[in-house]
1. What are the residue pairs meeting all of these: first residue in the range 37-61, first residue closer than 30 Å to Ile4 by Cα, second residue modelled with pLDDT under 85, Cβ atoms under 6 Å, and 6 or more apart or on different chains?
2. Among the residues of the range 67-97, count how many are among the aliphatic types (A, V, I, L, M) and not in a loop (DSSP other than H, G, I, E, B).
3. Condition first: hydrophobic (A, V, I, L, M, F, W, C) and either open to solvent by 100 Å² or more (accessible area, probe 1.4 Å) or at pLDDT below 80 (or both). Now tell me which residues in the range 44-61 satisfy that.
4. So how many residues does the range 22-43 have that are exposed (fewer than 10 other Cβ atoms within 10 Å of the Cβ) and more than 26 Å from the chain's Cα centre (by Cα)?
5. Mind counting the residues in the range 9-66 that are charged (D, E, K, R) and assigned to a helix (DSSP H, G or I)?
6. Could you tell me which numbered condition Phe89 fails, if it satisfies all but one of (1) open to solvent by less than 100 Å² (accessible area, probe 1.4 Å); (2) at pLDDT 90 or above?
7. Condition test on Ala19, is it open to solvent by less than 90 Å² (accessible area, probe 1.4 Å) and not aromatic (Phe, Trp, Tyr)?
Amino acid sequence: MPQISRDEVAHLATLARLALSEEEITTFASQIDGIIGHVSAVQNVDTEGVEPMSHPHATHTAMRKDTVAPSLTQEQALDQAPEAEDDKFVVPQILGE
């Protein structure tokens, strides 16, 4: 028995503002049913005693210590800027605002 009907696919298409033909609705309903079937099969796998993990291999990330270090002053940072105004970088307008 299908888990998702043609009507549900048509409704979702309307919500997403997609213009689907009757043939596409039928095709997508079938494909979504296949996807749901595959997900259900994966959910039925016995995972008793398996530790959850985010990656299939053990990974160790080298992290540096979070220490305060000297950095540029505002004047030094703006020193080589092509244009600065009010202690800020001036950049070209891109959004037309």
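The values are calculated or read from the model by the stated rules, or taken from the named source; none is laboratory data. The shown structure was predicted, so the numbers you read here are calculated from the model rather than taken from an experiment. Methodologically, a virtual Cβ is constructed for each residue, glycine included, from the backbone with ideal geometry; neighbour enumeration extends over all protein chains shown. What goes into the accessible areas is simple: the full protein's heavy atoms, side chains included, and nothing from ligands, DNA or RNA. Shrake-Rupley method; radii C 1.70, N 1.55, O 1.52, S 1.80 Å.
1. none
2. Total satisfying the criteria: 3.
3. Of everything in the range 44-61, those that are hydrophobic (A, V, I, L, M, F, W, C) and either open to solvent by 100 Å² or more (accessible area, probe 1.4 Å) or at pLDDT below 80 (or both) turn out to be Met53, Ala58.
4. Summing the residues that are exposed (fewer than 10 other Cβ atoms within 10 Å of the Cβ) and more than 26 Å from the chain's Cα centre (by Cα) in the range 22-43 gives 2.
5. 4
6. (1)
7. no
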